[in-house]
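Take a look at the structure set out below.
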Amino acid sequence: WLEERGPDAIVMACNTSCAIADIYGWPRTRATIFDIIDSAAIALQRVGAHRIGVIATTATVRTGAYTRRIHAAIAGSAVFEVAAPALVPLVEAGAIEGETARAAVADACAELPGDLDAVVLACTHYPILDAHFASILGHAVVRVDPALVQAERVAAFLQSRGAAEGNGVTEYVTNGDTERFEENVARIMKHPSHI
């Protein structure tokens, strides 16, 4: 579907999709694919992390992709992957504040060792709960949102191709419940959209 529209780049925001592609490979495309696990590894290199926690979906953790890719990028690193299946439903329901969300984040963090340099929030939903992660992990542990480096990489790619800043149009497409998706986009992005 994307290939038919002739994109220069495909930006994969979904950690689980990237983890599955780590096993099976990406479909053939002329577009440059930006993999968010690569962006996480770059972010971890920048902060000098060696003892690394990864909080992700169950599907992502099952692949072991984060462990493989971080080991390849950072020699001698120790990686601890934890599945946190309770977090996505909370974010999608808009239940991002309060004790229920904090308890779910605390449960996920409790499975990590206490002497980490960094924790990767390895699902696009998890940075929305960052205030809880910050409160529970404390300031000594760097929280890595791979989307920040992902956006930086894509911006550099677009600039290298001469794209003018701020002249794009955003179009959202979903194969799910359109009304719920539109409500979530409006709530999270706080701007009008074409869905």
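Data overview
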{"item": "Total charge dipole magnitude, the range 29-178, about the Cα centre, Cβ charges on Lys, Arg, Asp, Glu only, Debye to nearest 20", "result": "580 debye"}
{"item": "Relative contact order of the range 77-195, pairs being alpha-carbon contacts under 8 Å that are 6 or more residues apart, as %", "result": "21 percent"}
{"item": "Of all accessible heavy-atom area on the range 60-179, the percent that carbon and sulfur account for (1.4 Å)", "result": "53 percent"}
{"item": "Highest-first arrangement of 36-43, 67-74, 24-31, 9-16, where packing means the average Cβ count within 10 Å", "result": "36-43, 9-16, 67-74, 24-31"}
{"item": "Theoretical FRET efficiency, 1/(1+(r/R0)^6), r = Cβ-Cβ of ALA75 and SER17, R0 22 Å, to 0.05", "result": "0.20"}
{"item": "Loop-located trypsin sites (Lys or Arg not before Pro) in the range 108-195, at most 12 other Cβ atoms within 10 Å (DSSP)", "result": "ARG161, LYS190"}
{"item": "Spin-label pair ASN175/ALA59, simplified geometry with 7 Å Cα→Cβ offset, distance in nm", "result": "1.0 nm"}
{"item": "Label-point separation, ARG46 to ALA103 (7 Å along Cα→Cβ), nm", "result": "3.6 nm"}
{"item": "For the range 122-164 and the range 55-96, distance of Cα centres in Å", "result": "14 Å"}
{"item": "Difference of contour (0.36 nm per residue) and Cα-Cα distance, ILE33 to ALA134", "result": "33.3 nm"}
{"item": "Accessible area expressed per residue, the range 51-99, with surrounding protein chains retained (probe 1.4 Å, Å²)", "result": "44 Å²"}
{"item": "Cα shape, the range 25-113, gyration tensor, a/c 1.5 rule", "result": "oblate"}
{"item": "Coordinate range along principal axes, alpha carbons of the chain, Å, largest first", "result": "46, 39, 31"}
{"item": "Exposed-loop-free span, longest in the chain, where GluC sites (Glu not before Pro) count as exposed if DSSP calls them loop and at most 16 other C-beta atoms lie within 10 Å", "result": "1-96"}
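The values are calculated or read from the model by the stated rules, or taken from the named source; none is laboratory data. Because the structure is predicted, anything quoted here is derived from the model rather than measured. Methodologically, a virtual Cβ is constructed for each residue, glycine included, from the backbone with ideal geometry; neighbour enumeration extends over all protein chains shown. Quick note on the areas: whole protein, heavy atoms, side chains included, nothing else; ligands and nucleic acids left out. Shrake-Rupley method; radii C 1.70, N 1.55, O 1.52, S 1.80 Å.
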